[in-house]
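The values are calculated or read from the model by the stated rules, or taken from the named source; none is laboratory data. In this text, all values refer to a predicted model and were calculated from it rather than measured experimentally. Cβ sites come from the backbone with ideal geometry, for glycine too, and all protein chains shown count toward neighbours.
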Amino acid sequence: MNEMITMIRQDADERMHKSVETLKSEFIKIRTGRAHTSLLEHITVSYYGTNVPINQAANVTVLDSRTLGVTPFDKSMVTVLDKAIRDSDLGLNPTNVGDLIRLPLPAMTEERRRDLVKVVRQEVEGTRIAIRNIRRDANQDLKELMKEGDISKDDEHRAEEDIQKLTNQFIKKVDAVLAEKEAELMEI
């Protein structure tokens, strides 16, 4: 296969892979009712004048299936961490127990679960669109190569079929990630 076609395919593959990884990292932020340390990963706090992820200013642990514990490395950070968690979009209400911040996760209602499934589906649709846009970009690059005479019409056609297979492969991955997250959200 032509080297330029290979480069276009690799670029599309990498970009589609990043789209799926981004979706997975967005899903981590969507709470399922089970305590998981990654719930707090996107929260940042001011630590000695620098904004850092919460796990660089404190030790985040799972105390039980519905409770997280946050132990600051520096005791003076307790109130800063508490405020950052309260101000986050997670809707958690931390309780301060000396140098430990306890984060009980409230039970999720059926209505809240359905709302989260809608949010998850919107995220997935955005990722599908991103993957299709990557396919479109790759196909345009292939058309340019053909116009410039660098590849034949047959090469372009085969490469477009290859890009379509790649697209289908990543859409299947996205659907699998969606099915897994929906099952996790609807689990009581």
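Observations on the structure shown:
- The strands (runs of 3 or more DSSP E) found entirely in region 61-149 that carry 2 or more residues being surrounded by 12 or more Cβ atoms within 10 Å (Cβ to Cβ) and among the hydroxyl-bearing types (S, T, Y) are 67-72.
- Some residue of region 19-30 being over 29 Å from V119 (Cα atoms) and touching a Leu at 6+ places or on another chain (Cβ under 7 Å): no
- Residues of region 150-188 that are within 18 Å of the chain's Cα centre (by Cα), more than 30 Å from A107 (Cβ to Cβ) and crowded, with 16+ Cβ neighbours inside 10 Å: F170, I171, K173.
- Among the residues listed as R136, R128, R132, the single one being at pLDDT 85 or above, under 15 Å from the mean Cα position of the chain (by Cα) and within 25 Å of K18 (Cα to Cα): R128
- Looking across region 26-43 at every residue that is under 19 Å from A84 (Cβ atoms) and assigned to a helix (DSSP H, G or I), the one that is modelled with the lowest pLDDT is identified as K29.
- Hits in region 51-60 (condition: in contact with a helix residue (DSSP H, G or I) (Cβ under 9 Å, 6 or more places away or on another chain) and either among the β-branched types (V, I, T) or exposed (fewer than 14 other Cβ atoms within 10 Å of the Cβ) (or both)): I54, V60
- Taking residues in region 98-115 that are over 19 Å from A183 (Cβ atoms) and modelled with pLDDT of 80 or more, and partners anywhere that are of a type in the set (D, E, K, R) and not in a strand (DSSP E or B), the pairs with Cβ atoms closer than 9 Å and at least 6 places apart or on different chains are G98/K75; D99/K75; I101/D82; P104/R66.
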